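First comes the structure, then the notes that go with it.
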């Protein structure tokens, strides 16, 4: 459970918001917020203003982040000279920049200190967009393609809910970990590819209807429309 929720947290940190065509920008990194101890250490070393930021856990291969020279462990503290206080701030900045725009990041790198990095905002791949759409509703789908077939040749389990984010639309609607996905937005979803296609077609705003199998019963779950300020 803890690992699944951590994965969802990483997913939410990948990129910024969407437009009508779901053209989300991304850097190609997995990031997290700083711990309080890390904030204190960085504040003492670099100054209070840089006691915040988004730390890179992984630079994904063949992405704008890799091409720009970003590294695992880099701390992103500014985006086009605007301070990055946490991961959500970075997400908003990436979204507002737009796909194809070149921006300057300021990073703190161990042993090298502060340094600028120019990066061209990329277009998030459809597979990642689909995961992000699910995360916007508040759930994470278990990937059956990563499960090995058993020795007797039994096929992998069907797509199912791996995590439900606290206080999300999914939790409010009663979606549960382990629910097996049968239909999403009226489309049958017996494979991960079908789930991704249905999520891309649905988009993140909602409402979104799901049909799931739970303890042998077929259960309808209705996710509400997003609250847009």
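Bear in mind these aren't lab numbers, they're just calculated from the coordinates by the rules spelled out. A quick note: this is a predicted structure, and the numbers were derived from the prediction, not measured. Ideal geometry is used to build each Cβ from the backbone, glycine not excepted, and the neighbour counts take in all protein chains shown.
Worth pointing out:
- With both labels modelled 7 Å from their Cα along Cα-to-Cβ, the residue 101 to residue 81 distance reads 1.5 nm.
- A Stokes-Einstein calculation at 37 °C with viscosity 0.692 mPa s, built on the Kirkwood radius of the stretch 85-139 over Cα pairs, returns a diffusion coefficient of 249 µm²/s.
- Using the Cβ-Cβ distance between residue 222 and residue 36 with R0 set to 45 Å, the FRET efficiency from 1/(1 + (r/R0)^6) comes to roughly 0.70.
- Each residue, residue 177 and residue 110, gets one label point 7 Å from its Cα in the Cβ direction; the gap between the two is 3.1 nm.
- With a Förster radius of 25 Å applied to the C-beta separation of residue 72 and residue 118, the computed FRET efficiency comes to 0.85.
- Convex hull of the stretch 25-123 built on C-alpha atoms - directionally averaged projected area, nm²: 5.4 nm²
- Report note on the peptides 51-58, 76-83: ranked by the mean count of other C-beta atoms within 10 Å, highest first, their order is 51-58, 76-83.
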